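Peer 1: Structure below; questions to follow.
The values are calculated or read from the model by the stated rules, or taken from the named source; none is laboratory data. Because the structure is a prediction, the values reported are computed rather than measured. No Cβ is skipped: glycine too gets one built from the backbone with ideal geometry, and neighbour counts run over all protein chains shown. Only protein heavy atoms, including side chains, enter the accessible area calculation; ligands, DNA and RNA are left aside. Shrake-Rupley method; radii C 1.70, N 1.55, O 1.52, S 1.80 Å.
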Amino acid sequence: MRLGFDPRRDPRKILIWTLVALGGIVMIMPFLFMISTSLKGRGEVYDLRLIPLAPTLENYAYLFRESRFLRWFLNSFAIASISTVSVLFFDSLAGYVLCKYKFKGRQVVFVAILSTLMIPTEMLVIPWYVMSKNLGWLNTYWGIMFPGMITGFGVFLMKQFFETVPDALIDAARIDGLSEFRIFWEVALPLVTPALSALAIFTFLGSWTAFLWPLIVTNSASNYTVPVGLASFSGEFSTEWNMIMTGAAVATIPTLVVFILLQKYIIRGVILSGVKG
Amino acid sequence: MASVTLSNIVKRFDRTEVVHGIDLAISDGEFVVLVGPSGCGKSTTLRMVAGLEDLTSGEIRIGDRVVDRLEPKDRNIAMVFQNYAIYPHMTVHKNIAFGLRMAKLPKAEEEKRVREAAQILGLTDLLDRRPAQLSGGQRQRVAIGRAMVRNPAVFLFDEPLSNLDAQLRAQMRLEIKKLHQTLGTTVIYVTHDQVEAMTLADRIVVMRDGRIEQIGTPTEVYRTPASMFVARFIGSPSMNMIPGRVEAGEIRFDGLPPLQRPGGLESAGGAVFLGVRPDDLKVAADRPAGAFAIEARVEVIEPLGPDTLVYALAGSRELVAKADSKVTLHRGDVVTLVADSGALHVFDAATEQTLRRQEAR
């Protein structure tokens, strides 16, 4: 095997590679354990060996036939998709306006939007709940989605990105006769696609894995998202670990697909925003 | 094509006034260059003509129409920007055609105009490329093409050559001049480069701190600068300025022989500056009668080819003069610098305005 370097010449690399490999193993172990557990029968769940003694697909069969997992999966998918489209549109629109238009109070508005990033979800769920209750949004898709339709983080990210679009381009488009919205849509937006991709990934994954708020706002199993549904396998007296792990394994697939298809943009997005979503 | 008239244009950003009441009449087909150091208000003025900045007060007419309240697209203008401002995500063809598409021109007419412009600018083979695949000069040509196809009444150029290297700049300068001669469209051109201003303009407008210092043909501005600022800004190297006092019919200088007061001096006296262009100050073998002459010691010699720039010390004052390249000079030589009395400029030291206008040659 070629290593791409000669270990005798650079022994430091051996150390670095060893550390990286160890880190990789630590990261991947939970995933392997998740898949392993999903293949174990009920009796074997608390046997912690990695390779199941009698691997079986009965958990998967049960998940799709007997539980409402498919429904939860579609709920999650629809909610994550709609939130993502909404965030991409409104956050970039707000970011563009804050970046390219000079108006009184612009800084105040921007700081106000930024300050929303400092409030954790845990503090917001109670006001959200009261609001949803009064407006009749409890146990609805809209109730699950509304807090994530526009995000301060996205507005901030997009505003920073629009700084890279030269003002002269926008002026040129004005002289070419575009309306202000079309300048945004046809000239500015196509130039920030890397940021849009990054934001799309962060938003989709964030919505896909959201737990606390969907748990609070939903009360019927047909409205659950995947994380809430999986949690329902954990009852008062027993937890069906094999089912949780099976559901989690399936729920990981979209995440993996997104990562594999878009890893280039994810890395760039993380570098550019300096933040993990 | 159209004339452009600016009447008492004022621009204020918040509380800072950057353009203080400019009046300028540009005739149909004229090539006018606004020139001045950065921050003099030239770009702001141009952007107000384009409609990209609002006027605080005043009035702009293009042709017979008052355009103050019109959108840029309705002013019948086209603009070329310093950093090209062509759309990076569109091909050259689409860039040039974009404005026409917005104006909902018939497809055939659009295609015809794009082809014509590409032909004139030598872009025909590049129409399918994207801006990233073009050189700086080609990009600027695309920007000019995009402006051309609109058949505007007025072309506005905002420092279009500043991002190009020196050689390309000279070439594009020539192309812009040819283009103006071909199309005959009114042009307003902003630059901080006095060479561009001199070479391109029918008339130059020299601006400083939001005011017009002087308007004139390149020759007028060069030969009869209205103020010390214009005198120094136009021409390279800058005009020599020697401080002195007008006393008893003479101009007296510190450490230099006095100069017979030149005829036609308007003001009685006080502190003045005597100005003489390096081009007019020659290293001479003899001392012609009636000419301004001064002894100086050669410090630095810069051969330019046809002639040589000589930096020489007269007393403690450094002067720049020109010598024929055939004259052999050495550092430390004492030479006589001579200028025709008609080539001298006298400026009031307090107002910095000219006191005596040398006749244009």
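Peer 1: Could you list, in sequence order, all residues of the stretch B:66-106 that are over 17 Å from B:T44 (Cα atoms), in contact with a helix residue (DSSP H, G or I) (Cβ under 6 Å, 6 or more places away or on another chain), at the interface with another protein chain (Cβ under 9 Å from one of its Cβ atoms) and not hydrophobic (A, V, I, L, M, F, W, C)?
Peer 2: The answer is B:Y84, B:Y87, B:P88, B:H89, B:G99.
Peer 1: Return the residues of the stretch A:238-247 that are surrounded by fewer than 19 Cβ atoms within 10 Å (Cβ to Cβ) and either assigned to a helix (DSSP H, G or I) or of a type in the set (G, A, S) (or both); say none if nothing qualifies. Break it down stepwise before answering.
Peer 2: Of the residues in the stretch A:238-247, the ones surrounded by fewer than 19 Cβ atoms within 10 Å (Cβ to Cβ) are A:238-239, A:241.
Within the stretch A:238-247, A:S238, A:W241 meet the criteria.
Peer 1: Checking A:N139 against (1) modelled with pLDDT of 95 or more; (2) outside any helix (DSSP H, G or I); (3) not β-branched (V, I, T), which single condition isn't satisfied?
Peer 2: (1)
Peer 1: Kindly evaluate A:L189 against the criterion of being under 22 Å from B:R146 (Cβ atoms) and either under 22 Å from the mean Cα position of the chain (by Cα) or not basic (K, R) (or both).
Peer 2: Working: under 22 Å from B:R146 (Cβ atoms): yes; either under 22 Å from the mean Cα position of the chain (by Cα) or not basic (K, R) (or both): yes.
Yes, satisfied.
Peer 1: State all residues of the stretch B:55-65 that are more than 14 Å from chain A (Cβ to nearest Cβ) and not basic (K, R); if no residue qualifies, say none.
Peer 2: B:L55, B:T56, B:S57, B:G58, B:E59, B:I60, B:G63, B:D64
Peer 1: Here is a further query. Return yes when B:L123 is open to solvent by 40 Å² or more (accessible area, probe 1.4 Å), of a type in the set (A, V, I, L, M, F, W, C), closer than 25 Å to B:N95 by Cβ and more than 14 Å from chain A (Cβ to nearest Cβ) and no when it is not.
Peer 2: No; evaluated as a whole, the condition is false for this residue.
Peer 1: Another question, then. Give just the number: which of (1) open to solvent by 60 Å² or more (accessible area, probe 1.4 Å); (2) modelled with pLDDT under 90; (3) not hydroxyl-bearing (S, T, Y) does B:D64 not satisfy?
Peer 2: In the conditions (1) open to solvent by 60 Å² or more (accessible area, probe 1.4 Å); (2) modelled with pLDDT under 90; (3) not hydroxyl-bearing (S, T, Y), B:D64 misses (2) alone.
Peer 1: Is at least one residue of the stretch A:201-220 of a type in the set (G, A, S), assigned by TED's automatic domain parsing to the domain that holds A:Y141, surrounded by fewer than 22 Cβ atoms within 10 Å (Cβ to Cβ) and under 25 Å from A:M123 (Cα atoms)? Please lay out each step first, then the result.
Peer 2: Of the stretch A:201-220, the ones of a type in the set (G, A, S) are A:206-207, A:210, A:220.
When the remaining residues are screened for being assigned by TED's automatic domain parsing to the domain that holds A:Y141, the result is A:206-207, A:210, A:220.
Add one more test, that the residue is surrounded by fewer than 22 Cβ atoms within 10 Å (Cβ to Cβ), and what stays is A:206, A:220.
Next, only the ones that are under 25 Å from A:M123 (Cα atoms) stay: A:206, A:220.
Yes, there is a match, as at least one residue in the stretch A:201-220 is of a type in the set (G, A, S), assigned by TED's automatic domain parsing to the domain that holds A:Y141, surrounded by fewer than 22 Cβ atoms within 10 Å (Cβ to Cβ) and under 25 Å from A:M123 (Cα atoms).
Peer 1: Tell me whether the stretch A:76-94 contains one or more residues that are out of contact with any strand residue (DSSP E or B) (no Cβ under 6 Å at 6 or more places or on another chain), of a type in the set (D, E, K, R) and farther than 30 Å from A:E180 by Cα. First the steps, then the outcome.
Peer 2: Narrowing the stretch A:76-94 to residues out of contact with any strand residue (DSSP E or B) (no Cβ under 6 Å at 6 or more places or on another chain): A:76-94.
Okay, now just the ones that are also of a type in the set (D, E, K, R), so A:91.
In the following step, the residues that additionally are farther than 30 Å from A:E180 by Cα were identified as none.
Checked against the condition, which is being out of contact with any strand residue (DSSP E or B) (no Cβ under 6 Å at 6 or more places or on another chain), of a type in the set (D, E, K, R) and farther than 30 Å from A:E180 by Cα, the stretch A:76-94 yields no hits at all.
Peer 1: Check B:L52 against each of (1) more than 7 Å from every other protein chain (Cβ to nearest Cβ); (2) open to solvent by 10 Å² or more (accessible area, probe 1.4 Å) and name the one condition it does not meet.
Peer 2: (1)
Peer 1: Something else about it: So, in the stretch A:166-197, how many residues would count as being over 16 Å from B:L100 (Cβ atoms), facing chain B (nearest Cβ under 7 Å) and of a type in the set (D, E, K, R)?
Peer 2: Of the residues in that region, 1 qualify.
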